[in-house]
Each structure stands twice: as structure tokens, then as C-alpha cells.
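First the structure, in the form of C-alpha cells, and then the observations on it.
The values are calculated or read from the model by the stated rules, or taken from the named source; none is laboratory data. From a predicted model like this one, the values you see are computed outputs, not experimental measurements. Counting neighbours? That spans all protein chains shown, and the Cβs are built from the backbone with ideal geometry, glycine included. Surface areas here come from the heavy atoms of the whole protein model, side chains and all, with no ligands, DNA or RNA. Shrake-Rupley method; radii C 1.70, N 1.55, O 1.52, S 1.80 Å.
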Amino acid sequence: MQIGHPEIKDRLVAGAVLGIESSCDETAVALLAGDGRILDETVLSQTGAHAAFGGVVPEVAARAHLTHLAPLTEAVLAKAGIGSAAIAAIAATSGPGLIGGLIVGANFGKGLALAWGKPFLPINHLEAHALTARLPGLAEGGLAFPYLLLLVSGGHCQFVAVEGLGRYRVLGRTLDDATGEAFDKAAKLLGLAWPGGPALERLAAEGDPRAIALPRPLLGRAGCDFSFSGLKTALAQAVAGFPPGPLPRAAAADLAASFQAAVTDVLADRTYHALALFRDRHPGAANLVIAGGVAANQAIRAALTTIAARHGCRLIAPPLRLCTDNAVMVAWAGIERLRAGALGDLAHAPRPRWPLDAPDMALTPTPVA
Ligand code: KG4
Ligand code: ZN
């Protein structure tokens, strides 16, 4: 047989896992070899379909996943040139997220699993974000447990001590809005289009971060919870101080810069506290990982790099495409679970809420006292 023959290729990548992501407004499919190499992946962002509504419309998102998942999967398999024989399992996000999209993605995965006679692995989306930085080649020298994760996206804002596979301790979380949500609401107040985070960062570059005094909620407080609603209200009041109509560009830029500086200060302070809490429990641990769409923000990355260094830690920020929602992280979580002996679970029902510290995240059930 020649090298490149499909059967030889199948053997070389044996243990490949197909990942499916459909928990929000990205339809994503990825195929990873058993060693974590990305064979092919694709992310279809639905931003265009939701922009006119100023946010994700669950029904629209679910229908779009339904339309796109099958052709995207066909394309990924064809591009990778991998047959179902080489695939060890199908992993699909099964929560938390918008239930319509979760049902579409999980049931699509279950269909493939049944047709191919492979295990179906229901994946917790937050676990997938949490494990991404362990992808081979991503962190120099690899990333061992335990490490501290700061997950900051449109829907999530929490510090998690990642102590092992399936062992997650939530150290702090937002009491109201998620960080990305706060950026999106602030951007809307400034007249920017949704999703507002990237647009607000661009506008902030033109402004003075000290121009408008905005509060830093919970700064210096014990623990590592967050709160953003007071900051958002303060920004709304500052905007209301201008005459009605579109804000002058310079004023909008100053407001954007001041808002971004306040969020950055809060994240830096909360991270400083979270690292102290984490290191009390794990004195030798020295890795801080940031994930989620807000990790794209350069001011925030810079501030966290400084805070990590002050604690003698390194900051690991996966490339942006792996920070935002994608299916590579879902397939990788599947590989980690397969390696740890996880079995398939065709009966698993998708869940809109599924905290990382839920009892069923543990690989072996903890005995009831
Ligand atoms: O992780 P993600 O792609 O989707 C989920 O929410 O799960 O995160 C999207 C969020 C949005 O709220 C977006 O405004 C925010 O991340 N975001 C940013 C930046 N890029 C994306 N926030 C601040 N600065 C950015 N550069
Ligand atoms: Zn996400």
C-alpha cells in the first residue's frame, strides 16, 4: 500500500475525535487526531444573522445550527480525508448554553455515533474552555494540573482552580453581568454595533482613560467575585450628561477608554486576589490561563501579564481563535476524557445550566457520606 492510502492514514490518526460546538451563535466542527493534532476545523459565526437584533436570538441560532452542521461536518471530514473507521468518538457540547442549539448539536452528534457505532461524549462547554490551554504545543513545556483559569466571555465570568480532569473549584464569579456582556452593553450606550467589545477597544485607543471618573466595583474586597452593573450604570449616567443625539467622537472615545480602564483595573485586582487564594491551596502552582472572547482585549492581556508576574506566575493566553467559541476545544476535551477512560453516554440530555463544579463533572462518582 502507498503512504497516503486512506487505510494507512486512518491507522496513523486512529483515535481521532470529532468535536461539535453549537451552544451559542458559532456553529463549529473540528477533527483532532488522538494526539491532539488538528486535522481540520471550521467555525461559522452567525454574527450577521443576529446583528440587526443587537444580540443573539436563540431561535435564529438553533435554526442556523440545523442548517449548517451537516454540510460543515461533511466538509471537515472530506478536507481531512478521514473515514469513520479512524474516528474513536464524537464529542458535542451538551451544556451550558442556549437549549435549542445544544439539542441540535448533541442530537446531530448522537446520530453520527449511532450510525458509526462509536461512543458519544457529552461535553461541558466550560470544561472545553478550561482544558484548551493543555492542547499539545500551545503552552511551552506543556500545561500540567493544577492551574488557575480566568474565563471571561459574553456569558461567563469566573475564576476556576483547574485541579484535574473533571475537578474544578469555582473560586469566584460575577454577581451580575459577565465581562463581555458589560463590554457589549457599554458599547451600545456609546452607539457602537453589536458585538461591542472589539469596537469599544478600537474606540478606546483614541481616548483618554483618565478623562471620566468611573467606579471600580469590589476593588480591594476580599475574595475574587466580580460586579459590573454599577459600572454600567455610571457609564449610562455619564452618557446622559451629554446633549441628546449621537455623542461627539472625542467624547465617545474618552468614555470608551475610561470604561475599559475601569474593567481592566477590576480584572487585575480580582486576579491578584484569585491568585493568592489559589496559591494558598496549591503553593507550587505557577500558571494562570485566560480564556473567552474578552481575552482578545490587549489592555486586559497586558494587565494580567503584569499581575501574573507579580505572583511569579506565567500568563497563558491561547490564540484568539481558540479563546472564542470553537470545536477544537470540544474535541480536545473529548480526547482528555477518553484517555481517562470515559465511556459514551447516548442518554445524556443537553442542559442549559451545567456548572463546572456540578457533581456529574467528576470522572468517578464521589461516594455519598
Ligand atoms: O467567548 P465568546 O466569543 O463567546 C461567548 O460569549 O461565549 O465571547 C464573546 C464576548 C462578547 O461579549 C464580545 O464583546 C467580547 O467577548 N469581546 C471583547 C473583545 N473581543 C470580544 N471584549 C473586549 N475587548 C475585546 N477585544
Ligand atoms: Zn464559550
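Across segment 189-206, what is the number of residues that are more than 17 Å from residue 230 (Cβ to Cβ), assigned to a helix (DSSP H, G or I) and more than 6 Å from ligand 1 (Cβ to nearest atom)?
Of the residues in that region, 5 qualify.
Could you tell me whether any residue of segment 265-274 is farther than 30 Å from residue 326 by Cα and either buried (at least 19 other Cβ atoms within 10 Å of the Cβ) or free of Cβ contacts under 8 Å to residues at least 24 places away in the same chain (or both)?
No, because not a single residue in segment 265-274 is farther than 30 Å from residue 326 by Cα and either buried (at least 19 other Cβ atoms within 10 Å of the Cβ) or free of Cβ contacts under 8 Å to residues at least 24 places away in the same chain (or both).
For (1) part of a helix (DSSP H, G or I); (2) surrounded by 15 or more Cβ atoms within 10 Å (Cβ to Cβ), each residue gets a yes or a no:
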{"site": "299", "(1), (2)": "yes, yes"}
{"site": "305", "(1), (2)": "yes, yes"}
{"site": "315", "(1), (2)": "no, yes"}
{"site": "318", "(1), (2)": "no, yes"}
{"site": "329", "(1), (2)": "yes, yes"}
{"site": "333", "(1), (2)": "yes, yes"}
{"site": "336", "(1), (2)": "yes, yes"}
{"site": "349", "(1), (2)": "no, no"}
{"site": "355", "(1), (2)": "no, yes"}
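Between a residue in segment 276-303 that is within 16 Å of ligand 2 (Cβ to nearest atom) and any residue that is of a type in the set (Val, Ile, Thr) and open to solvent by 30 Å² or more (accessible area, probe 1.4 Å), which pairs come within a Cβ distance under 7 Å, given they are 6 or more apart or on different chains?
Correct list of pairs: 293/324.
If you take the residues of segment 23-57 that are more than 18 Å from the chain's Cα centre (by Cα) and not hydrophobic (A, V, I, L, M, F, W, C), which of them is surrounded by the most Cβ atoms within 10 Å (Cβ to Cβ)?
50
Cβ contacts < 8 Å: first residue charged (D, E, K, R) and within 16 Å of ligand 2 (Cβ to nearest atom), restricted to segment 152-176; second residue part of a strand (DSSP E or B) and open to solvent by less than 20 Å² (accessible area, probe 1.4 Å), any location; separation 6+ or different chain. Result?
Partner pairs satisfying both residue conditions: 173/157; 173/158; 173/159; 173/226.
Could you give every pair whose Cβ atoms fall below 6 Å, whose first residue belongs to segment 309-336 and is closer than 12 Å to residue 28 by Cα, and whose second residue is hydrophobic (A, V, I, L, M, F, W, C) and away from ligand 1 (no atom under 16 Å from the Cβ), counting only separations of at least 6 or pairs across chains?
327/29; 328/38; 330/91; 331/17; 331/32; 331/91
Among the residues of segment 159-179, count how many are surrounded by fewer than 24 Cβ atoms within 10 Å (Cβ to Cβ) and within 15 Å of ligand 1 (Cβ to nearest atom).
Number satisfying all stated conditions: 5.
Quick one: count up the residues across segment 278-287 that are more than 19 Å from the chain's Cα centre (by Cα) and either surrounded by 24 or more Cβ atoms within 10 Å (Cβ to Cβ) or not small (Gly, Ala, Ser) (or both).
The qualifying residues number 6.
In this structure, does residue 296 turn out to be within 14 Å of ligand 1 (Cβ to nearest atom), among the hydrophobic types (A, V, I, L, M, F, W, C) and farther than 23 Å from residue 140 by Cα?
No, not satisfied.
Could you list, in sequence order, the residues of segment 116-139 that are more than 16 Å from ligand 1 (Cβ to nearest atom) and aliphatic (A, V, I, L, M)?
Matches in segment 116-139: 121, 135, 138, 139.
Report whether or not residue 290 is open to solvent by less than 10 Å² (accessible area, probe 1.4 Å), closer than 26 Å to residue 205 by Cα, outside any helix (DSSP H, G or I) and modelled with pLDDT of 95 or more.
yes
Looking at (1) surrounded by 20 or more Cβ atoms within 10 Å (Cβ to Cβ); (2) aliphatic (A, V, I, L, M); (3) assigned to a loop (DSSP other than H, G, I, E, B), which is the only condition residue 247 fails?
Of (1) surrounded by 20 or more Cβ atoms within 10 Å (Cβ to Cβ); (2) aliphatic (A, V, I, L, M); (3) assigned to a loop (DSSP other than H, G, I, E, B), only one is false for residue 247: (1).
Out of segment 331-356, which residues are touching a helix residue (DSSP H, G or I) at 6+ places or on another chain (Cβ under 7 Å) and closer than 30 Å to residue 266 by Cβ?
Selection gives 333, 352, 356.
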